[in-house]
Amino acid sequence: MEDSRRARIHVVSETAFYGKGQGVHTAFVDCVNLLNQSDRYDVVVNGDGWGDLFHAHTYGPYYFWKGLRYKGRRVFTAHVIPDSAKGSIPAERLMRPLVRWYLRRVYGYADVCITISPVVTDQVRRLSPSAQVVEIVNPLNTKRFKPSQELRRAGRHRLGLPDDAFVALGVGQLEGRKGVEDFMDVAAACPEVRFVWVGGRPYGAVTEGVARINARMRRRDCAVQFAGLFDLEDMPMLYNAADLFLFPSLQENCPFAPIEAAACGLPVVFRDLPEYRRLYQSPYLAAADTPAFIDLVRRLQSDEAFHDRARALSEDLIQQFATEQILEALKGVYETLLSSPQPISLVARLLPMRHSTQRHTTP
């Protein structure tokens, strides 16, 4: 391709048609916005035309259909691995062989798989050893997600929260994998704190734990305000409305919500998961179990100095997700594919694997 011509990148995600209330849709939107910042590319989205290179974020029939004419120039960002099905879909154990079989074909269909964390890299390579893998984390839009007193006031008004309330926020789909039941346990033990959960069920009745979680939500002693689904544009307002972000999810790859919350100036409390220890390059607060979550919430609510130190951890944590370095990494993948009919070995040399060895911070 001639250097003077702007390359057309065809970015595809089925979340544009359904399932907007999830991190994959955020990744798709941010990818499009990131590419629009470059003077090297024009972006084609879903069915709006054709491009020189194909980049998909989802793995349904649309991915295989739209990718047909891009053999040799297909990029797939792997947001989902077989473990992502645990606590997300009913009868996961019975479905596991089918999930593994299908994702093996998804990864193998791409000429380059972008993996968003070391754990995803391991699983993609295990399922599809011939897949060409480049590890690039999800970007953070710091122009959208930032601290704001104006947004704080708007968010509290939208959620009906008093100005003097200390608010703990959770964000995620209403399913077992996201730890919403543990969130309710923490709320029950901390009546001095207001707990709000933002999120719903983009996949409706096929979401894991619908009846079980709904029954818990209907109980009179449920101390959580379930606010429902919101558009991506509303999320900075909702993060700013809170005083801390509680993220009890049981399995994640490169989650958006805690990093967005950190960018809005919130202390973030993660569950202590091995995937985070490999992913994050800076220290963070982590809780091993529900009692540890309760202790950290109470301490963040009562100890202003500790709350300030936790906010400082958030400021350091988000540096890893700067859009400038991620755009350069994407450009490296694209340019290699666009310039060579057999770019695989070039991609491997261009972006060698990097693994984080940082560990979490204990209180």
Some residue of the stretch 296-318 being surrounded by 15 or more Cβ atoms within 10 Å (Cβ to Cβ) and not in a helix (DSSP H, G or I): no
Cβ-Cβ under 7 Å pairs, at least 6 apart or on other chains, the stretch 146-168 side free of Cβ contacts under 8 Å to residues at least 12 places away in the same chain, far side not small (G, A, S): D163/R156
Count of the stretch 61-100 residues which are surrounded by fewer than 15 Cβ atoms within 10 Å (Cβ to Cβ), modelled with pLDDT of 90 or more and assigned to a loop (DSSP other than H, G, I, E, B): 2
Counted residues, the stretch 36-59 - those being surrounded by fewer than 21 Cβ atoms within 10 Å (Cβ to Cβ) and closer than 19 Å to I116 by Cα: 0
Residue count for the stretch 155-184, restricted to those that are outside any loop (DSSP other than H, G, I, E, B), out of contact with any Pro (no Cβ under 9 Å at 6 or more places or on another chain) and more than 15 Å from A227 (Cα to Cα): 2
Members of the stretch 8-28 that are buried (at least 21 other Cβ atoms within 10 Å of the Cβ) and modelled with pLDDT of 90 or more: I9, H10, V11, V12, S13, F28
Test: residue in the stretch 117-125 that is farther than 30 Å from V196 by Cα, over 16 Å from the mean Cα position of the chain (by Cα) and free of Cβ contacts under 8 Å to residues at least 12 places away in the same chain: yes
Counted residues, the stretch 207-236 - those being touching an Asp or Glu at 6+ places or on another chain (Cβ under 9 Å) and modelled with pLDDT of 95 or more: 2
Cβ-Cβ under 6 Å pairs, at least 6 apart or on other chains, the stretch 286-312 side in contact (Cβ under 8 Å) with a residue 24 or more places away in the chain and assigned by TED's automatic domain parsing to the domain that holds F247, far side of a type in the set (D, E) and in a helix (DSSP H, G or I): T290/D182; T290/D185
Helices (runs of 4 or more DSSP H) (entirely within the stretch 196-270) containing at least 1 residues that are touching a residue at least 60 places away in the same chain (Cβ under 8 Å) and out of contact with any Gly (no Cβ under 9 Å at 6 or more places or on another chain): 235-240, 257-263
Selection within the stretch 271-295 - part of a loop (DSSP other than H, G, I, E, B) and surrounded by 22 or more Cβ atoms within 10 Å (Cβ to Cβ): Y280, Y284
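Answer yes if at least one residue in the stretch 154-174 is under 23 Å from E252 (Cβ atoms), surrounded by fewer than 20 Cβ atoms within 10 Å (Cβ to Cβ) and modelled with pLDDT under 95, and no otherwise. Quick ask: steps written out before the conclusion?
Keep residues of the stretch 154-174 that are under 23 Å from E252 (Cβ atoms), which gives 167-174.
Then drop every residue that is not surrounded by fewer than 20 Cβ atoms within 10 Å (Cβ to Cβ), which leaves none.
The answer is no, given that none of the residues of the stretch 154-174 is under 23 Å from E252 (Cβ atoms), surrounded by fewer than 20 Cβ atoms within 10 Å (Cβ to Cβ) and modelled with pLDDT under 95.
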Pair list, Cβ < 8 Å and 6+ apart or interchain, from the stretch 1-24 residues that are assigned to a strand (DSSP E or B) to residues that are modelled with pLDDT under 80 and surrounded by fewer than 21 Cβ atoms within 10 Å (Cβ to Cβ): A7/M1
Any hit, the stretch 111-124, residues being touching a helix residue (DSSP H, G or I) at 6+ places or on another chain (Cβ under 6 Å), at pLDDT below 90 and of a type outside the set (V, I, T): no
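The values are calculated or read from the model by the stated rules, or taken from the named source; none is laboratory data. Please read all numbers here as calculations on a predicted model, not as lab measurements. Reconstructed Cβ throughout: ideal geometry from the backbone, glycine too, with neighbour counts over all protein chains shown.
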